[in-house]
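What follows is a set of notes on a single structure, which appears directly below.
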Amino acid sequence: MLFASATPIVPASERYRRLATELDPHLGEYETLNDRYGVRRHVFWVSHARDGSDIGVERLPHLPLRSARDEQGGWDPESAYDAWWLEFVDDVNGVDMAREPAHREPPEQLFA
């Protein structure tokens, strides 16, 4: 299954561009989570909209992280990775994923 997501980035957030650097201290836990769900490639882009806003685009060849977290019982309050990721998404996308998913429902496929 392929999952793709496009989420607005909070204006003036350069933090999204620093994702790889910020992820570095959490790389072990990130890789363990990806291995558990068969994710071999996780790609992020920044798309620039005509109105000047930026949109974070993400692609991974498996189920969305939220679904994976739901399967394992939710976010782990003891996990430094989970704490960092939840704070990162809230800061760059304005979404509190501990309370609600980034998307209300899966993207609607229109053409393949």
(message) Out of the total accessible area of the range 1-65 (probe 1.4 Å, heavy atoms of protein only), what percent is carbon and sulfur?
(response) 55 percent
(request) Show me 82-93, 46-57 ranked by packing, highest mean number of other Cβ atoms within 10 Å first. (result) 82-93, 46-57
(message) Using a Förster radius of 41 Å, what is the FRET efficiency between Glu78 and His48 based on their Cβ-Cβ separation? Nearest 0.05, please.
(response) 0.60
(message) For a Förster distance of 30 Å, can you work out the FRET efficiency between the beta-carbons of Asp35 and Ile55, rounded to the nearest 0.05?
(response) 0.55
(message) What FRET efficiency comes out for Thr21 versus Phe111 if R0 is 30 angstrom and r is the Cβ-Cβ distance? Round to the nearest 0.05.
(response) 0.25
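The values are calculated or read from the model by the stated rules, or taken from the named source; none is laboratory data. As the structure is a computational prediction, the values presented were derived from the model and not from experiment. Note that each Cβ is placed from the backbone with ideal geometry, even for glycine, and that neighbours are counted across all protein chains shown. The area values use the complete protein model at the heavy-atom level, side chains included, leaving out ligands, DNA and RNA. Shrake-Rupley method; radii C 1.70, N 1.55, O 1.52, S 1.80 Å.
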